[in-house]
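Step one of this worksheet: look at the structure below.
The values are calculated or read from the model by the stated rules, or taken from the named source; none is laboratory data. Just so it is clear, the structure is predicted and the values come from calculations on it, not from any experiment. Every residue, glycine as well, gets a Cβ built from its backbone with ideal geometry; the counts of neighbours run over all protein chains shown.
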Amino acid sequence: MAMGDIAFNLLIFFVILARAHDDSHLQWDPATTKIVEPSGAAKASLLIDMDNKVYLNGQPIGIAQISSEVGEILGETKAGERTVLLKVHKDVPAMFFQPVIEGISEAGGDLVHVLEKQKE
Amino acid sequence: MKMRNRRSKVLVEPPASATGDIAFNLIVFFLVCASVQPDSGRSQTLPRSEEIDEQEKVENIEVQLSRNPNTVMLNGDAVRTPQLVNRLRTLLSNKTREQDKVVIVKSKPETTYFHWIDITGKIEEAGGIITIQTEEEREVRIE
């Protein structure tokens, strides 16, 4: 019985650890588009929430640090595997999301906008 | 008699010691279900800054976005959003080189992401290559 408890506690520990790098707790509504493709595996995920706050892999980050931080994560990863997901709340104004796009571009990331398929 | 025997076998309760294992397996099952949802969206290739400098020598198509989602400015002319794809296709039809197909997207600070995604999608649909240009704020002192 103790083995089951140990396994259970280990599982809870790893779930909490994973959530620290996760952005599922942040609030945002994706913009919609006609055609969406699966994004595949990503090296990093940037999110701008309803309050126009920017997060890198679930952690708050300043706009000025995006290029260097994303560049550090991407490192020497070869082309085609440098995917960076960008999740932006649909009503965020350009003054917040454009510098983020520029930061990803400067870091040499392959930008993928995370969007929802438009309902017909 | 046979029927009664079969029923009694089905109604046997699992041993109490197995409840921990059952709970553990249920948690693993729901965790896997929750994490399997993949993200989907649209990839976008933006030319690096050094490439843009070269392209600025060429006369590129310019699209200006504002807060109004119904119209955009195409090379200074107001165009209704549904007509943008056709207008861009006409402009891009005589351009053969990749650098000529670059469409500069200028956005007012209040332009929403939803509108920006809609318009950049239309530019790509028309065969344009997107590059973004931000307006820098400059302080001018008049003496």
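Quick one: in the stretch B:23-45, of everything that is outside any loop (DSSP other than H, G, I, E, B) and more than 10 Å from chain A (Cβ to nearest Cβ), which residue is modelled with the highest pLDDT? Walk me through how you get there before you give the answer.
First pass over the stretch B:23-45, keeping only residues outside any loop (DSSP other than H, G, I, E, B): B:23-35, B:40-44.
Next, from what is left, pick out any that are more than 10 Å from chain A (Cβ to nearest Cβ): B:25-26, B:29-30, B:32-33.
Numbers: B:Asn25: 80, B:Leu26: 84, B:Phe29: 80, B:Phe30: 81, B:Val32: 73, B:Cys33: 71.
Per the criteria, the residue is B:Leu26.
Here is a yes/no grid of residues against (1) more than 8 Å from every other protein chain (Cβ to nearest Cβ); (2) more than 19 Å from A:Ser39 (Cβ to Cβ):
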| site | (1), (2) |
| --- | --- |
| A:Gly58 | yes, no |
| A:Gln65 | yes, yes |
| A:Glu69 | yes, yes |
| A:Ile73 | yes, no |
| A:Thr77 | yes, no |
| A:Glu81 | yes, no |
| A:Pro93 | no, yes |
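When the residues of the stretch A:106-120 are filtered to those that are farther than 14 Å from A:Glu69 by Cβ and out of contact with any Gly (no Cβ under 7 Å at 6 or more places or on another chain), the one that is surrounded by the most Cβ atoms within 10 Å (Cβ to Cβ) is A:Asp110.
Given the criteria crowded, with 20+ Cβ neighbours inside 10 Å, at pLDDT 85 or above and in contact with an Asp or Glu (Cβ under 8 Å, 6 or more places away or on another chain), does B:Thr81 qualify? When the stated conditions are applied, B:Thr81 does not pass them. Counting only residues that are among the hydrophobic types (A, V, I, L, M, F, W, C) and not in a helix (DSSP H, G or I), which one in the stretch B:89-126 is farthest from B:Pro69 (Cα to Cα)? The selected residue is B:Val102.
When you look at A:Phe13, is it among the aromatic types (Phe, Trp, Tyr), within 11 Å of chain B (Cβ to nearest Cβ) and assigned to a helix (DSSP H, G or I), yes or no?
Working: among the aromatic types (Phe, Trp, Tyr): yes; within 11 Å of chain B (Cβ to nearest Cβ): no; assigned to a helix (DSSP H, G or I): yes.
The answer is no for A:Phe13.
Output the residue which, of all residues in the stretch B:47-73 that are of a type in the set (A, V, I, L, M) and touching a strand residue (DSSP E or B) at 6+ places or on another chain (Cβ under 6 Å), is modelled with the lowest pLDDT. Working first, answer last.
Applying the first criterion (of a type in the set (A, V, I, L, M)) to the stretch B:47-73 yields B:52, B:58, B:61, B:63, B:65, B:72-73.
Then keep just the ones that are touching a strand residue (DSSP E or B) at 6+ places or on another chain (Cβ under 6 Å); that gives B:52, B:61, B:63, B:65, B:72-73.
Numbers: B:Ile52: 50, B:Ile61: 89, B:Val63: 92, B:Leu65: 90, B:Val72: 90, B:Met73: 91.
Restricting to residues being of a type in the set (A, V, I, L, M) and touching a strand residue (DSSP E or B) at 6+ places or on another chain (Cβ under 6 Å), the top hit is B:Ile52.
Taking the conditions (1) touching a residue at least 12 places away in the same chain (Cβ under 8 Å); (2) buried (at least 20 other Cβ atoms within 10 Å of the Cβ); (3) closer than 27 Å to A:Trp28 by Cα in turn, B:Val103 satisfies each one other than (3).
Scanning the stretch A:32-44 for residues being of a type outside the set (A, V, I, L, M, F, W, C), over 15 Å from A:Glu81 (Cβ atoms) and touching a residue at least 24 places away in the same chain (Cβ under 8 Å) gives a total of 3. Number of residues in the stretch A:105-120 that are part of a helix (DSSP H, G or I) and either touching a residue at least 40 places away in the same chain (Cβ under 8 Å) or closer than 17 Å to B:Thr120 by Cα (or both) equals 2.
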